[in-house]
Amino acid sequence: MIQLDINLPGRSYPILIGENILQEQSRVLASYCPGGMAAVVSDEKVWSLHGPYLEEILKGLGLAYTAVIIPQGETSKSLAMLEKLYKEFFRCGLKRLHAVLAFGGGVTGDLAGFAASTYMRGLPFIQIPTTLLSQVDSSVGGKVAVNLEEGKNLVGSFYQPDLVLADTGLLASLPQREWLSGLAEVVKYAAIGEESLIPLLKSPETIRQNLEQIVYLCCKRKAYYVEKDERDTGDRMFLNFGHTFGHAIEKYHDYQKYNHGEAVAIGMALAARTGELLGLSRDGVAAALAGIMDQAGLSYVLDDDLQEIIPLMTGDKKNQSSEITLVLLQRLGCPFLHAISQQELLHLLKEAVSSHA
């Protein structure tokens, strides 16, 4: 097992990483449920696969719990589903010392975390991520949110969990598509500074053999930015490499065609190419990043209408004006921010896509 601590003023917390640690560290889990009761938020797929395992652990600890099961997918990150959680919390008698456990991927963690941050002005919150994407990224750092029709994660807050239990054994059941979605976030961390990940991504075999270390390195890089810029006003924005494009691509297809990681992979390729076309990135950055994504088995070619997608990028939270703020790469491991107009971006991206063809 590896332990990594996120050190923030007055509210530090541990991330525990390892295979089967959910069972091995169950007493630690119980110590973070001071009221002896919890609401477990999970989606239908995760609960069908792993719900009995978690229930056995909770019963063994003598913890009372209520399971609140939500539909799988991005559409569950809605105000309507948030209200459902509030009502379920009230119905089961959840009080301020009772914990909320997010047992699932990024959607579950974002939704449950936002509910925990606002119900009765804040409840203890524990992340038990069950996807690679959530273990390496979304379960750490305290960003919790729901979506509006106008865009992704527009209603949310910063609410750090009290504990993160990243049991890599839970990843064995991931479908290949979800596995690759998580690898896109791993590649992101390699691109923005955690270059020690690159040799671990050489093949599917090396990835599986080094899974615990990969999760740790991603969380370590994220911890660096969270501790430096908890509320995402400066360097933490680098964690959004590929995401300004990715969120717009997801929304364009109403979250149906691409999952989050697939859209981010396309977004990273576009960002790297855009930096080169602007003359702000070293030549070869896009090719180097593409080589890493190829090794990881990721697809990253856009086949959509850019004129429809670019207006959707203006709603990104990084933007402070009519311009779009992008995370670009000077070189691998060296990100920076750059603001650009819609018109210039459209021209450059058309060139980027045509040069990729």
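The values are calculated or read from the model by the stated rules, or taken from the named source; none is laboratory data. What you see is a predicted model; the values in this text were computed from it and never measured. Note that we place each Cβ from the backbone using ideal geometry, even for glycine, and neighbour counts take in every protein chain shown. Side chains are part of the model used for accessible areas, which takes the heavy atoms of the whole protein and leaves out ligands, DNA and RNA. Shrake-Rupley method; radii C 1.70, N 1.55, O 1.52, S 1.80 Å.
Quick notes on this structure:
- Each label point was placed 7 Å from the Cα along the Cα-to-Cβ direction; for residue 90 and residue 206 their separation is 5.4 nm.
- Normalised Debye scattering of the stretch 133-257 at q = 0.13, 0.20, 0.22 Å⁻¹ gives log10 I(q)/I(0) of -0.57, -1.33, -1.49, counting only Cα atoms as equal scatterers and leaving out solvent.
- The Rg/Rh ratio for the stretch 200-357 is 0.96, where Rg is the radius of gyration of the alpha carbons and Rh is the Kirkwood radius.
- Cα coordinate range in the stretch 39-154, projected on the principal axes (Å, largest first): 43, 31, 24
- Here, P(r) means the percent of Cα pairs in each 10 Å bin from 0 to the largest distance; for the chain it is 5, 26, 34, 23, 9, 2, 0.
- Reachable lysines, given that their alpha-carbon falls under 26 Å from the alpha-carbon of residue 257 and they are not under 8 places away in the same chain: 45, 77, 143, 152, 188, 317, 318, 350
- Between 192, 128, 207, the Gaussian network model of the chain with springs among Cα atoms under 10 angstrom shows the greatest mean-square fluctuation at 207.
- Ordering of 216-229, 26-39 by packing [mean C-beta count within 10 Å, highest first]: 216-229, 26-39
- Once the Cα atoms are used to define both axes, helix 260-277 deviates from the longest principal axis of the chain by about 30 degrees.
- Where the chain is the region considered: accessible area per residue in Å², 1.4 Å probe: 40
- Cross-link reach list, lysines versus residue 95, counting only Cα pairs under 18 Å and skipping chain neighbours closer than eight places: 84, 87
- With contacts taken as Cα pairs under 8 Å and at least 6 residues apart, the stretch 234-353 reaches a relative contact order of 29 percent.
- Packing here is the average count of other Cβ atoms within 10 Å per residue, and on that basis the peptides 198-205, 260-267, 47-54, highest first, run 260-267, 47-54, 198-205.
- Between helix 176-191 and the chain there is an angle of about 60 degrees, using the helix long axis and the longest principal axis of the Cα atoms.
- Accessible surface of the chain, 1.4 Å probe, proportion on carbon and sulfur as whole %: 49
- FRET efficiency for the pair residue 224 and residue 347, taken as 1/(1 + (r/R0)^6) with r the Cβ-Cβ distance and R0 = 56 Å, rounds to 0.95.
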